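Chemist: Pasting a structure below so you can have a look.
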Amino acid sequence: MNFVLLGAPGAGKGTQAKKMVREYGIAHISTGDILRAAVADKTPLGAKAKTYMDAGDLVPDQLVIDLVKERLDKPDAKKGFILDGFPRTTAQAVALDTELSELGLEIDGALSINVPNEQIVARLSSRRLCQECGYIGSEADLTCPKCGGKMYQRDDDQPEAIHNRLEVYDKQTAPLIDYYKGKNLLYDVDGNRPVDQVLNDIKEIVSELQA
Ligand code: AP5
């Protein structure tokens, strides 16, 4: 099964994607994680992406499209995948459709995780991540509860960048809801509930798709 996870910054895409990977054994393709790793490794891609990311702006389409094409070519993506944070513009969605059709693949569902903006701002302001294993937690986690690693705050989880990311989402990414609705692939998920309840809703949608 191949999924796209849609949702504003902080809606819980990464949290649910990690759980879906454990549940279904499919690949997690997070463009944000790939770009952050490129920034940390100081690669040419990372150098190009950093300024956009820190400000909460989108990295230019072609850079992201190229990295997703490369990632979809890896063997683990053949078992199925969850695209987390991609596509984020109509140009990216069209490029994805073209690439998948060349690979003889298609999207089974676009899961749109919905959370009110006030909740999103609260979540992102308090989010902390593990430097070692990528665990997503909150400021209550002084060290990583999974591996004991050091927790850090993302540069784009500062108030100004959060505000910009929400604006960018409304202008550039929200139109994808209609894009996938038009293809009969959109499934709404109420993300303003405890993590495991959100996962249960996603599992029900996946069961329906598999039936
Ligand atoms: P990216 O990393 O994709 O960030 P994002 O979309 O802004 O989403 P986040 O990772 O911030 O949030 P999330 O929805 O994954 O929420 P999470 O599960 O962590 O992108 C970062 C940047 O990279 C972009 O701004 C852009 O510059 C660039 N980029 C990436 N992809 C790109 C693309 N395709 N094109 C161009 N540029 C691109 O949860 C958030 C918090 O909430 C956590 O603390 C978590 O513990 C908590 N939480 C989660 N679920 C719940 C729940 N149900 N109840 C309570 N708390 C919860």
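The values are calculated or read from the model by the stated rules, or taken from the named source; none is laboratory data. Fair warning: this is a prediction, and the values are worked out from it, not measured in the lab. Keep in mind that these areas ignore ligands, DNA and RNA; they rest on the heavy atoms of the full protein, side chains included. Shrake-Rupley method; radii C 1.70, N 1.55, O 1.52, S 1.80 Å.
Chemist: Once you sort the root eigenvalues of the Cα gyration tensor of the range 81-153 as a ≥ b ≥ c, which label holds: rounded (a/c under 1.5), prolate (a/b larger than b/c) or oblate (the other case)? Each step should come with its number before you reach the end.
Modeler: Working: a/c = 3.37, a/b = 1.92, b/c = 1.76.
Prolate, since a/c reaches 1.5 and a/b exceeds b/c.
Chemist: 5 Å is the cut-off here: which amide hydrogens, built 1.01 Å from N in the peptide plane, fall below it relative to residue 132, excluding neighbours closer than 5 in sequence?
Modeler: Amide H neighbours of residue 132: 150.
Chemist: Per residue, how many Å² of accessible area does the range 112-211 show with a 1.4 Å probe?
Modeler: Details: 5880 Å² over 100 residues.
Result: 59 Å² per residue.
Chemist: Could you derive backbone 3J(HN,Hα) for the range 65-75 from the dihedral phi with the Karplus parameters 6.51, -1.76 and 1.60 (θ = phi - 60°), listing whole Hz in sequence and x where the residue is Gly or Pro?
Modeler: 4, 4, 6, 5, 4, 4, 5, 5, 7, 6, x
Chemist: Compute the Cα gyration tensor for the chain, then decide on rounded, prolate or oblate, letting a ≥ b ≥ c be the square roots of its eigenvalues: rounded whenever a/c is under 1.5, prolate when a/b is larger than b/c in the other cases, and oblate in all that remain.
Modeler: Details: a/c = 1.36, a/b = 1.18, b/c = 1.15.
Verdict is rounded for the chain.
Chemist: Treating cross-link reach as a plain straight distance, find the lysines whose alpha-carbon is under 25 Å from the alpha-carbon of residue 146, omitting any fewer than eight places away in the same chain.
Modeler: 13, 18, 19, 203
Chemist: Could you tell me what percent of the accessible area of the chain is made up of carbon and sulfur, with a 1.4 Å probe and every protein chain present?
Modeler: Working: 5320 of 10660 Å².
The value for the chain is 50 percent carbon and sulfur by accessible area.
Chemist: With a ≥ b ≥ c taken as the square roots of the eigenvalues of the C-alpha gyration tensor of the range 29-131, please select rounded if a/c is under 1.5 and otherwise prolate if a/b is larger than b/c or oblate if it is not? Write down the numbers at each step before the final one.
Modeler: Details: a/c = 1.77, a/b = 1.28, b/c = 1.39.
It comes out oblate by the Cα gyration axes.
Chemist: If you count the DSSP beta bridges with both ends in the chain, what percent of them are antiparallel, to the nearest 5? Provide the component values of the computation, followed by the final result.
Modeler: Details: 6 of 23 bridges.
For the chain, the DSSP antiparallel bridge percentage is about 25.
Chemist: Under a 5 Å amide H to amide H cut-off, with H placed in plane at 1.01 Å, what residues pair with residue 81 once short-range neighbours are removed?
Modeler: 2, 3, 27
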